[in-house]
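Read the figures in this text as sums done on the coordinates, not as results from a lab. Keep in mind it's a predicted model, so treat the numbers as computed, not measured. When we count neighbours, we look across all protein chains shown, and the Cβ atoms used for this are built from the backbone with ideal geometry, even at glycine.
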Amino acid sequence: MNVLRLLVVDDHVMLAEALSARLAELTELWVVGHCATSDPRLSDVIRQTKPDVLTLDVEPVGSGVGRLVTQVQQLRPSTAIVVLTGAREPDQAVAAARAGAAAWVPKERSLEELTEVLLGVCRGHSWYPPELLGPVLRELREDAVRAGQRNGPLDVLSDRERDVLTGMVNGKRGAQIAEELLISAETVRTHTRSILAKLQVHSQLEAVSVACAAGMRADDAPDLAR
């Protein structure tokens, strides 16, 4: 039997320990550990435990759901991410789906349902609750349409340049953008110069103004995999 490695990521320690203990009873899963979402060692834990699937509580990060999911996906692209949370915001579910989360499971669901989802995502399945599935599919369809049109003022930018510009819109400095995108500060500066030239502006403030006018929102999640 192919036993799947599971990591539980949740800021509620008691819940994480109880869930880990219950799931450890299953022969199909091997719980390799649990960690808090806010733990600064989260990246190291993921690299060390090499999970096939992980549960991820996104409540502690609020609107930064997409960024958190993307960062986890970048650390280990083969890991299936199951958001296990009490959050009910459609926008957060959309951000998680955009970033690559395979499933979104409310915490009030049963252990049996969670187990089915955990095993399913490792077989390539996805699962979002019916009340969130509509908004998720609608937004993803609109993303596909926008990508196909590519006729906006920001479409002169490469994907990575858009990621850097998103960081600017979020008020981040170059060093922080570099850290989040896993690139060097010099690469960020190179992208920034290119952004200014392509948008025909003379400052980052002007670039941010153009981006906001074009509909770029704060907290849009960058894709670290590019």
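Below are the figures for this structure:
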quantity	calculated
Packing-based ranking, highest mean first, of 128-140, 164-176 given that Cβ atoms within 10 Å are counted	164-176, 128-140
Gained length - SER209 relative to LEU196, 0.36 nm times residue gap less alpha-carbon distance	3.5 nm
Backbone HN-Hα couplings from phi across segment 189-206 [Karplus 6.51/-1.76/1.60, Hz, Gly and Pro as x]	5, 4, 4, 5, 4, 5, 4, 4, 5, 5, 8, 6, 10, 10, 8, 5, 4, 5
Partners for LYS172 among lysines (Cα-Cα distance below 26 Å; same-chain residues under 8 apart left out)	LYS198
Highest average packing first - 40-51, 64-75, Cβ atoms within 10 Å	64-75, 40-51
On Cα atoms only, tilt of 65-75 relative to the major axis of the chain in degrees	80 degrees
Cβ-based charge dipole, the chain, positive-most Cα from LEU181, HIS125, GLN204	GLN204
Cα-centred dipole magnitude for the chain, charges only on beta-carbon of K, R (+1) and D, E (-1), debye, nearest 20	780 debye
For peptides 86-92, 202-208, sequence by mean Cβ density within 10 Å, most packed first	86-92, 202-208
Residues whose placed amide H lies under 5 Å from that of TRP127, excluding near-sequence neighbours	ALA103, TRP104
Size of charge dipole - segment 1-64 - debye, nearest 20, with Cβ of Lys, Arg +1 and Asp, Glu -1, no other charges	260 debye
The chain: equivalent-ellipsoid semi-axes (sqrt of 5 x gyration tensor eigenvalues, Cα, Å)	35, 19, 14
